[in-house]
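The values are calculated or read from the model by the stated rules, or taken from the named source; none is laboratory data. Not measured: the values here are computed from a predicted model. In this analysis, Cβ positions are derived from the backbone assuming ideal geometry, glycine residues included, and neighbour counts consider all displayed protein chains. Only protein heavy atoms, including side chains, enter the accessible area calculation; ligands, DNA and RNA are left aside. Shrake-Rupley method; radii C 1.70, N 1.55, O 1.52, S 1.80 Å.
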Amino acid sequence: MYKKEIYNLIEKALKDLGIEEVPNFTVSYPPNEKMGDYTTNAAMIAAKIWKKAPMEIADAIKSKVKSPRTTSLRGRQKSKVVEKIEVAPPGFINFYLKPEVVQKNLATILKQKDKFGSTWFDKTHHKSLTASGKAIKIGKGKTIVIDYSAPNIAKMMHVGHLRSTIIGQAIYNIYKFLGYKTIGDNHIGDWGTHFGKLIYAYKNFANKKDLKKNFAKEMNRLYVDFNVRAKEDEKLNDYARVETKKFQEGDKENIKIWKYFARESIKEFNRIYKMLGVKIDYALGESFYQKMLGEIISSAFKKGVASRSQGAIIIPLEKYNIPPLMIQKSDGATLYGTTDLATIKYRMKKWNPKKILYIVANEQAGHFTQVFKSAEILGFIAPKQAIHVKFGMVLGPDGKKFSTREGKVILLKDLFGEAISRARKIVQEKNPKLSDAEKRKISKVVGIGAIKYNDLSQNRFTDITFNWDKMLDFRGNSAPYLQYTYARIKSILRRAKVSAAIKFKQELLNDEKELVILRQLILFDEVVERAGEEFMPNIIAEYLYKLANNFNLFYELVPVLKAEKDLRQARLALISAVAITLKNGLKLLGIETLERM
Ligand code: ARG
């Protein structure tokens, strides 16, 4: 929570050294806590401007921070939080916070509880953030739209949608926590040419009984079946086109079938959301925008943005080195991208968001590049206002695509079922005495948590691996490990009968293992903020894993319940703060915690 303060100190030192135009330096975190709490590259950047050795500049900045020239009536403005500064090759400056500063934070955490981490609560050090000098949340007054999950009706929700749902929900939670007005919008795929195929298949070769039994699976079979048959008999594609056209022109029967598809699919999606504990504010699917497409196309023409090309209508983007976006096919049909343009326009008008995030797989990067650029030249959004938050594929332990197994598509339902039953086995082994209801509850929280954490703890850009043993390893970097650490602390606190208003002497916490934890707790708000800024929930996951490790190490080596009275109180306060932070962090990731496991 002192990043800004450190930044200001360096800025002031640079000015003291005669640099008026402060270069673009950053304040970040050293690779390990032995090297301090914050570090900066300011000296290396300034060295380039001054053409001097970085180490020399680093030393100069260091001495300026220690005794600044800037004075005020109240005396020299030396930092109240920095204890020690060290210069490290090739020119880093490392800052160590005073122990009393990190100790003081403990009371704040215990007071803020589930709000800890969400606010710039230190009024003195973050004055610049608020005119009145009062603490505010950084997202105050700003809106953000998050487009996530977005499965397609009459098709199965697959692992890609699962990733979108899990990552999207985490990003939603983070932004909400930071004080933003968050709008979650599930851009359901309920329009498009594939419905003609499905309607045709449904009318001609559906098995109504199977549809009743397992709608998603049978629809999937129908789609595959249609494509197989169409390979043999090309006329099928023409028939499908006729069905699409009839449907889009409002044919009663086809609309009825489509509505049936939608109803059944949404039931299925909701079952999945319920399992995941996910709730999305809006579900304005693609169909919602269809009536706006004519206007989008004609205004694109009027603005001179669109042009005709072989009977189709496109938005040429070669000026930007991007392939053209087709907004109308030669047969008059509109496309996925046309709908996305209308969606952007609608969202801007309705919510006036600062940003619109699209939590969608890497594969659609090209699509979004075209759509965002088109929306920009149409004047709907400013550059960088719409952001594609990409993610990679899910691979099995064998390194192959995880979405199918032995050629069969994996149903999300089955995936959850397997996670829960595997978790159940472990719970049974670890704690056979629990009641059945408790075991059931724990298995669900652990199983679902494991799936989510597996996704959120890995860098979303890369393809992630899906490995049951790793995901459910109670000792590894997994949800169960973090949940178990939380429950372990709660059980200690129960045994100690700690009350909410625990009294303690924070200055007693000066053992290395205690300070490491305290130093880490100081960073939580910045971790949350950074995870939001970079749309990277794995930053939070990494932090929580480290915190849990630090706690478990501490607890192994330092007595808590058996410590002498004052120390015991202080250590109990410390571990309470760890529990609060673990819980808050996991909650942001959409992962539940249990009081006992
Ligand atoms: N339904 C699409 C799919 O399954 C994802 C939609 C993403 N959102 C959007 N506005 N295009 O691939």
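Numerical summary
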{"item": "The one condition in (1) away from the ligand (no atom under 16 Å from the Cβ); (2) under 33 Å from the mean Cα position of the chain (by Cα); (3) of a type outside the set (S, T, N, Q) that Tyr273 fails to fulfil", "result": "(1)"}
{"item": "Pick from segment 154-198, criterion among the β-branched types (Val, Ile, Thr) and in a strand (DSSP E or B), ranking: farthest from the ligand (Cβ to nearest atom)", "result": "Thr182"}
{"item": "Filter result for Lys279 (open to solvent by 50 Å² or more (accessible area, probe 1.4 Å), not in a loop (DSSP other than H, G, I, E, B) and not acidic (Asp, Glu))", "result": "no"}
{"item": "Any hit, segment 309-329, residues being within 16 Å of the ligand (Cβ to nearest atom), free of Cβ contacts under 8 Å to residues at least 12 places away in the same chain and not in a helix (DSSP H, G or I)", "result": "no"}
{"item": "Positions within segment 1-58 being part of a helix (DSSP H, G or I) and touching a His at 6+ places or on another chain (Cβ under 8 Å), in sequence order", "result": "Lys4, Glu5"}
{"item": "Ile167 being over 30 Å from Lys329 (Cα atoms) and surrounded by 22 or more Cβ atoms within 10 Å (Cβ to Cβ)", "result": "yes"}
{"item": "Qualifying residue in segment 330-344 (condition: more than 14 Å from the ligand (Cβ to nearest atom), open to solvent by 70 Å² or more (accessible area, probe 1.4 Å) and more than 25 Å from the chain's Cα centre (by Cα))", "result": "yes"}
{"item": "Qualifying position, being more than 16 Å from the ligand (Cβ to nearest atom), at pLDDT 90 or above and surrounded by fewer than 20 Cβ atoms within 10 Å (Cβ to Cβ), among Leu106, Leu110", "result": "Leu110"}
{"item": "Tally, over segment 189-241, of residues that are of a type in the set (Phe, Trp, Tyr), open to solvent by less than 10 Å² (accessible area, probe 1.4 Å) and in contact (Cβ under 8 Å) with a residue 40 or more places away in the chain", "result": "1"}
{"item": "Sole exception among (1) hydroxyl-bearing (Ser, Thr, Tyr); (2) touching a Leu at 6+ places or on another chain (Cβ under 8 Å); (3) touching a residue at least 60 places away in the same chain (Cβ under 8 Å) for Tyr484, by number", "result": "(2)"}
{"item": "Options Asp455, Asp473: the member that is of a type in the set (Asp, Glu), without any contact (Cβ under 8 Å) to a residue 40 or more places away in the chain and either farther than 20 Å from Met1 by Cα or not in a helix (DSSP H, G or I) (or both)", "result": "Asp473"}
{"item": "Residue list for segment 347-371, filter: part of a helix (DSSP H, G or I) and either at positive phi or within 11 Å of the ligand (Cβ to nearest atom) (or both)", "result": "Arg347, Glu363, Gln364, His367, Phe368, Val371"}
{"item": "Subset of segment 481-508 [among the charged types (D, E, K, R) and either assigned to a helix (DSSP H, G or I) or open to solvent by less than 80 Å² (accessible area, probe 1.4 Å) (or both)]", "result": "Arg488, Lys490, Arg494, Arg495, Glu507"}
